[in-house]
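The values are calculated or read from the model by the stated rules, or taken from the named source; none is laboratory data. No experiment lies behind these values; they were computed from the predicted model shown. The protein model used for the area step is the full one, side chains on, heavy atoms only, and it has no ligands, DNA or RNA in it. Shrake-Rupley method; radii C 1.70, N 1.55, O 1.52, S 1.80 Å.
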Amino acid sequence: MAEEDSLLASEEEMFDEPIMGQIRGTSVNIRSGPATSNRLVVRLDGGTEVHVIARSGEWYFIGRDDTYGWVNRDKLRLPAA
């Protein structure tokens with residue numbers, strides 16, 4: 001499990017309030033940073049609800065329970081604006 005503070009850097013865009021999102025796909029890799037080269041933190045099943053906390057390009061920083069990590073936009077369903 002990764003800790004939130006150690007996974008965020010100053011260049012990420014933090015949201016004013018976390019928004020709810022949902023994992024899209026099956027067995028989606030959640031990473032320690034915003035790239036596929038970063039280490040695997042956990043795998044989440046499709047449909048899992050997560051808190052979306054920040055964004056860096058096409059990657060989103062998410063949290064669920066005490067687990068935090070990064071997921072690509074293609075694997076995340078966000079609410080309509």
Region 28-81 - percent of accessible surface contributed by carbon and sulfur, probe 1.4 Å: 40
Global geometry of region 14-81, whether rounded, prolate or oblate, following the gyration tensor of its Cα atoms and the 1.5 cut on a/c: rounded
